[in-house]
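Chemist: The structure's right below; bear with me while I get my questions together.
Any read-out appearing in this document is the output of simple, stated calculations on the displayed coordinates, not a laboratory observation. Please read these numbers as outputs of a predicted model, since none were measured by experiment. Here Cβ is always computed from backbone atoms with ideal geometry, including for glycine, and neighbour counts include all displayed protein chains.
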Amino acid sequence: MKINYWGIDMFRLHSEYDTAGDQEQAIDELVRQLNNGQERCVLLGVTGSGKTFAMAKIIERVQQPTLILSHNKTLARQIWQEMSGLFPDNSVEYFVSYYDYYQPEAYIPGRDLYIDKELQMNERIEQERFSTVASLVSRPDVITVGTVSAIYGLNPPEVFQQNHLRLHLGQKSDPQEIVRSLVDLQYRRTTGGIVRGDVRLRGEVLDVWMPSRDDPIRIKFGWDGIERIQVCEAISWEPLDDFEEAWIHPREFYMTSEDRFNKAVEDIEKELERRVEWFESKDGGLEAHRLEQRTRFDLEMLNEVGSCKGVENYSMHFDGRKRGERSYCLLDFFAKNAEQFRGSSERYLVIMDESHVTLPQVGGMYGGDFSRKKNLVDHGFRLPSAYDNRPLRIDEFQELVPQMVYVSATPGERELRHLAEVTEQKIPEGLMHVDGGGGAKKSEYGKPKSRNSLEEMLGEINGISRMEIRPTGLLDPKIEVRGTEGQVQDLLSEISIRVERGERVLVTVMTIKFAEEVSEYLERMGVKSHYLHSEIDTLERTEIIKALRLGLIDVIVGINLLREGLDIPEVSLVAIFDADKQGFLRNERSLLQTIGRASRNSNGSVILYGDSVSPSMEAAISQTVRRRRMQEEYNEEHGIVPRTIEKALPVMGAEIEELLSGVAGTGESGGKRMIAKPPGKRSLDSLAQKFGLGAGVWNTSDSVLENISQPDWIEEHEESDEKGETELIERLELEMRQAADRLDFERAARLRDRIFRMKNATN
């Protein structure tokens, strides 16, 4: 498809579905507000109302490049996949930080522990970040889904754009000269195998592999200059496509002119001298020595190869910024894109998904980063200029964003007050204590003793677009309140009912210890369960959620399951322990969000375990009942029979394989092909060992890939039950022996007991 660079059909949504319920009304209202120049809008969309589809419709209607912000990478990836399918002709990008996966550089003084920045898997993440930036400086039709890493530092867009090499057919250039230009852009010259960031010249053939692509470029020279520019398959080097022009971006994010580079190195050396003198004057000989060693090594690397590990910590010097000035970030690239293709730097849109979580997260990034950097600077690991490699403050963020749509099923107080402010409404009394300007301006009022419920607050503010009708006809779940006495045993009986129906269960508790205890108890009772909390790493959490959907696990017990961005239509029961405890995990918004996890299943129900009914419980129950009645009336009027949302089942280990091998990507979206070598066994072995999900649900093959992939026997549902049970027992017995060989006698014993129960049942 040929893209019109001036806004006509630039963003075209491809979907077999159309708006339904109250979607069209909400979208119309939001588009009207945005077209009228309203700076902040609020979309209240209940779980299952089609918020992602509504976002896509808004993008299509306003025809502006859009950044969709999410509070975590799991949900961001989910939205990105959906947007890639809805906008196959456009550049749909994924932008997260390595810090979203691994611990950044840090120092813990109390333990004298230095934690270096983790480099594993950075290549893939860096590739996707490069792809985002490259698209923004070259294409007018960019949709980016990312986390709050979008507010962290990048090179100025002008510098990134200027440091490019453009090659075209018929261009009369010396191949050696082009190689020298690419080396100036930090590319590595090689004569053997080629990987991302390499350039190779063999005779009249030049191969370049940009960091943002999964497919290298081959340029062939002839008597008349450049004769052919091809995109090739990475392994076989078979041509995939021909281009008239190649636009090659730098290998590194942080690029600058030679003069600016030399000045930056000089400034770093001067800062080092001043800081070493300061440490020595404070009897900090150890810190002075450490700082000089580390910084001298970085300077040597900068002079030799033009870059170094942690080069972003010197960004102030390379950008020419003054102390305290904010760094450039992804928002600056969006502004540059809007200016380049639409004539105004303010013609782009930000959509903040789950804003009640994401907005506070944006506000908290600066303080967390400063605290971490302070330990590094105070103990001689970094120069003070590292402070200026920082995320945006909340006030800087709000000032940069021209228009933003807050999206949530339970909009936060900051968003509601911000909407009232930009529309010049009277601020509701219950919001006077909240920081103004979307969290950017401190409030002069203290928190009131009594506060209005969310529903009351929503009724006091005009201009909120609502989607409370589900196109599927699904009702809000039925809610029961039960006492805490015998709650675990009561839950066990409810789980048994759901397991018999092939449905899943989510259980939320207050502490990590209790989550593990409940999960272990359920497993001893023969229930395939697993706990989920902050001490489980990112990839394992993703696999646990996939295992639940596939039926490898029937129950997940967690602390704050909301942050996972769970979209599991198989869940028909949500159980909330200690529902009457007032606090962050049990306030009205958290309860409503948790209750919403059961609203994608036609049999959805919620059990609140508590010995009293708190104000938060009362408010959450009241609003759920109101929405249920509203949906019932709509269904009756339109003859809709509620049906469980159908969603394609995932594949275990797929994301891990993709991330480790570098094959995850947008497929056809954005014109990128994703081709790479499969991962090796060593890279996956440690991950596979962590997955002790349920009892005997993993393959017992020697292949690690099989052990983290969906078991073959899951698909054997068409065979007889007797045969399937016999095969399962055999697999469990082999798993038991392997567990014993690993000296994991506790697991072996659990497997033995399960086999005994199954054999007795069979007999």
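Chemist: Which FRET efficiency value, to the nearest 0.05, is calculated for Gln162 and Glu292 with the Förster distance at 35 angstrom and r the Cβ-Cβ distance?
Modeler: 0.55
Chemist: Give, as a single signed number, the net charge of other residues whose beta carbon lies under 11 Å from the beta carbon of Pro239, with Lys and Arg counted +1 and Asp and Glu -1.
Modeler: Details: positive: Arg218, Lys220, Arg228; negative: Asp215, Glu233, Glu238, Asp241, Asp242.
Result for the local shell: -2.
Chemist: Any chance you could run the full-extension gain for Phe370 through Glu325? It's 0.36 nm times the residue separation minus the Cα-Cα distance, nm to one decimal.
Modeler: Fully extending the segment from Phe370 to Glu325 adds 14.8 nm.
Chemist: How large is ³J(HN,Hα), in whole Hz, for each residue of the stretch 345-350 in order, when computed from phi with the Karplus curve 6.51 cos²θ - 1.76 cosθ + 1.60 and θ = phi - 60°, using x for Gly and Pro?
Modeler: Values, residue by residue: 5, 9, 8, 8, 10, 10 Hz.
Chemist: If amide H atoms are built 1.01 Å from N in the plane of the peptide, which residues on other chains or at least 5 residues away come under 5 Å of the amide H of Val42?
Modeler: For Val42, the qualifying residues are Tyr406, Ser465.
Chemist: When a footprinting reagent is the concern and you count Cβ atoms within 10 Å, what order do Tyr187, Tyr445 take, fewest first?
Modeler: Sorted ascending by nearby Cβ count, the order is Tyr445, Tyr187.
Chemist: Past 21 Å, Cα to Cα: identify those pairs from Lys57/Lys336; Lys51/Lys336; Lys528/Lys759, in the order given.
Modeler: Checking Cα-Cα distances, Lys57/Lys336; Lys51/Lys336 exceed 21 Å.
Chemist: Can you list the residues, at least 5 places off or on another chain, whose amide H is less than 5 Å from the amide H of Gly197, using H built in the peptide plane?
Modeler: Trp209, Met210
Chemist: Near the amide H of Asp578, under 5 Å away, which other amide H atoms are found, from residues 5 or more places off or on another chain, if H is placed in the peptide plane?
Modeler: Distant-sequence amide H within range of Asp578: Tyr609.
Chemist: Round to a whole angstrom and tell me the spacing of the C-alpha centers of the stretch 571-639 and the stretch 379-454.
Modeler: So the separation of the two Cα centres works out to 27 Å.
Chemist: Provide the gained length on full extension for the span Arg189 to Glu269, in nm with one decimal, where the gain is 0.36 nm per separating residue minus the Cα-Cα distance. Each step should come with its number before you reach the end.
Modeler: Values: separation 80, 0.36 × 80 = 28.80 nm, distance 2.91 nm.
Between Arg189 and Glu269, full extension yields 25.9 nm more.
Chemist: Tabulate in residue order the Karplus-calculated ³J(HN,Hα) for the stretch 382-398, using 6.51 cos²θ - 1.76 cosθ + 1.60 with θ = phi - 60°, rounded to whole Hz; enter x for Gly and Pro.
Modeler: In residue order, the calculated couplings are 9, 6, x, 5, 4, 4, 7, 8, 9, x, 5, 6, 4, 5, 5, 4, 5 Hz.
Chemist: Starting from 0.36 nm per residue, how many nanometres of slack lie between Asn603 and Gln425 once their C-alpha separation is accounted for?
Modeler: Extra length available between Asn603 and Gln425 comes to 60.0 nm.
Chemist: Next question. Arrange the following residues from fewest to most other Cβ atoms within 10 Å of their Cβ: Trp247, Trp223.
Modeler: Exposure proxy ranking, most exposed first: Trp223, Trp247.
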